[in-house]
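Have a look at the structure below before the remarks.
The values are calculated or read from the model by the stated rules, or taken from the named source; none is laboratory data. Just so we're clear, the structure is a prediction, and the values are computed from it rather than from any experiment. Here the Cβ positions follow ideal geometry from the backbone for every residue, glycine too, while neighbour counts run over all protein chains shown.
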Amino acid sequence: MQASRCYRVVVPTMLFSLMLVLLPLPEWAHAFRPDWVTLFMIYWAMAMPEFVGLLMAWIFGLLLDVAQGTILGQHALGLVLVIWLVQMTYLRIRVASLIQQALVIFVLLLAKLLLTLWVSGLVGQAPENITLYLLPSVTGALIWPWLFIVLRDIRRRYTLTNRF
Amino acid sequence: MQPLFLPGPSVTFRAIVLLAASVVVMVADHRWQHLESMRGVLESYIIYPLRYTINLPIDFFRWADQGLSSQQFLLEENARLKEQQLRAQVSLQKISVLERENDRLREMLGAQPKVGERMLVAELLVIDLDPNRQQVVINKGSNQGVYIGQPVIDAWGVMGQVIHVADSSATAMLISDPNHAIPVQINRNELRTTAFGLGCGGQLELRHIPHNADIEPGDLLVTSGLGGRFPANYPVGRIVEIDRPVGETFARVIAEPVAHLDRSREVLLVWREEAAIMNTEISPTQGPANAGK
């Protein structure tokens, strides 16, 4: 399988995840919105680690920063850390059941949120409610099994590698 | 055959390089604001099309809603708007007389003439930004001459100022953002102070107000024009709460913005006249939207 075919599927789905982040939600739902870009990125890094890796994570992190109006590099830093952890452990995460995977995803999302929280604090933009700030890690983990199945179907439909 | 190990330099090495790059980018962005152009390029060519796509169905529903509303409703609305227009026109007449009188008096005093202002209507894009920031995105950008630091107002008062500019969109920070401060004065007695944003609640706080300051709930805050960023005498907020805790040096004064920060859809971008001349030199294409003030 060549890389170009892989990117033709991965890049549109990643752009779609950026749109999910930008999608307007009612006020009460803001705190629950999962970090779609990170979830999508984790999936692709786990499914195709030889094509989707750190550089792509960094670029989409920067795009997320621009989209959300945060300081440039904040999400990029968190996303690179998460994808690094995924690349170190993807062989182990892959064989776990969906529920166990969701737990790992929770830890990964929490690590990213804590890192971005720390950066926000450093530049003097710390959120007022820390619990609400960390809530997306829970919703992200809860949504992971469904997201996993949808993305796996997309990957199989375009016959990108048959593992996982 | 799948390789067991990933090709290229080790993953950890690459991660460290990219983490370091992130830190460099963050420092460059935060300390020196060097990366505004890069942010503008990413925003213009990648993020703005996404925002636009998201906005399409919303715009479509609004359009369909307008198309399907009954004639009766439109007639009623038309009558109401005509009446409003008439009232506004009448009060404008009085204001123009007052303005002329004011100019004459200023001339007699030998004071500086007031700077003129020029405006452009922009629309908010219906999209969500980081819920912990008080920011909005508008559909006008550097193509229309929008610049960083430009004041954004709505029909009721000051909303905020532009902080990032892309080709055809711009991000504005609202006055209720915790990182925002705006020089104001109390309309009643011209007491000058600064209003800081309080974040999520959408309120403002006036700091360093002594206990004996002449300030009451209901007082209107207007921009003082100090600092040269916001034009003078636009309404900013109303005092809602004054707390004078015993034993503390300053009173705690809370104000509510008069602009509809969370409801306005149309906003106005303001150019001061000198800046406007510069801008028309850059982009002479925009004429009709500019209402002189």
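Considering each of A:Leu91, A:Leu55 in turn, give the residue that is within 13 Å of chain B (Cβ to nearest Cβ), part of a helix (DSSP H, G or I), modelled with pLDDT under 90 and loosely packed, with under 15 Cβ neighbours inside 10 Å.
Going through A:Leu91, A:Leu55 in turn, the sole match is A:Leu91.
Only one residue in B:Ile239, B:Ile148, B:Ile182, B:Ile209 is under 17 Å from B:Leu268 (Cβ atoms) and either in a strand (DSSP E or B) or in contact (Cβ under 8 Å) with a residue 40 or more places away in the chain (or both), so which one is that?
Residue meeting the stated conditions: B:Ile182.
Please go through (1) in contact with a helix residue (DSSP H, G or I) (Cβ under 6 Å, 6 or more places away or on another chain); (2) away from chain A (no Cβ under 14 Å); (3) within 30 Å of A:Asn129 (Cα to Cα) for B:Asp130 and return the number of the only condition it doesn't satisfy.
Against the list (1) in contact with a helix residue (DSSP H, G or I) (Cβ under 6 Å, 6 or more places away or on another chain); (2) away from chain A (no Cβ under 14 Å); (3) within 30 Å of A:Asn129 (Cα to Cα), B:Asp130 comes up short only on (2).
Taking the stated definitions as given, is B:Thr223 more than 15 Å from B:Ile254 (Cα to Cα), modelled with pLDDT of 90 or more and of a type in the set (Val, Ile, Thr)?
yes
Which pairs turn up if I take residues in the stretch B:257-273 that are in a loop (DSSP other than H, G, I, E, B) and hydrophobic (A, V, I, L, M, F, W, C) and look for partners that are surrounded by 23 or more Cβ atoms within 10 Å (Cβ to Cβ) and at pLDDT below 85 with beta carbon separation below 8 Å, at least 6 apart in sequence or on another chain?
Filtered contacts from the stretch B:257-273: B:Leu261/B:Gln134.
If the requirement is being closer than 13 Å to B:Val152 by Cβ, under 18 Å from the mean Cα position of the chain (by Cα), buried (at least 16 other Cβ atoms within 10 Å of the Cβ) and within 14 Å of another protein chain (Cβ to nearest Cβ), which of these qualifies: B:Ala172, B:Ala181, B:Ala166?
So the residue among B:Ala172, B:Ala181, B:Ala166 that is closer than 13 Å to B:Val152 by Cβ, under 18 Å from the mean Cα position of the chain (by Cα), buried (at least 16 other Cβ atoms within 10 Å of the Cβ) and within 14 Å of another protein chain (Cβ to nearest Cβ) is B:Ala172.
If a residue must be facing another protein chain (nearest Cβ under 7 Å), without any contact (Cβ under 8 Å) to a residue 40 or more places away in the chain and part of a helix (DSSP H, G or I), how many such residues does the stretch A:63-78 contain?
Adding up the residues that qualify gives 2.
I need the full set of residues from the stretch B:23-46 which are polar (S, T, N, Q) and closer than 21 Å to A:Ser17 by Cα, in order please.
Residue satisfying the conditions is B:Ser44 alone.
Anything in the stretch A:10-35 that is outside any helix (DSSP H, G or I) and facing chain B (nearest Cβ under 8 Å)? List them, or say none.
Listed by number, the residues that qualify are A:Leu23, A:Pro24, A:Leu25, A:Arg33.
Considering only residues that are surrounded by fewer than 19 Cβ atoms within 10 Å (Cβ to Cβ) and either under 13 Å from A:Gln87 (Cα atoms) or at pLDDT 90 or above (or both), which ones fall in the stretch B:20-34?
B:Ala20, B:Ala21, B:Val23, B:Val24 - these are the residues of the stretch B:20-34 that are surrounded by fewer than 19 Cβ atoms within 10 Å (Cβ to Cβ) and either under 13 Å from A:Gln87 (Cα atoms) or at pLDDT 90 or above (or both).
Being over 26 Å from A:Val107 (Cβ atoms) and either aromatic (Phe, Trp, Tyr) or facing chain B (nearest Cβ under 10 Å) (or both) narrows it down to one of A:Tyr7, A:Tyr43, so name that one.
Just a single option satisfies the conditions, and that option is A:Tyr7.
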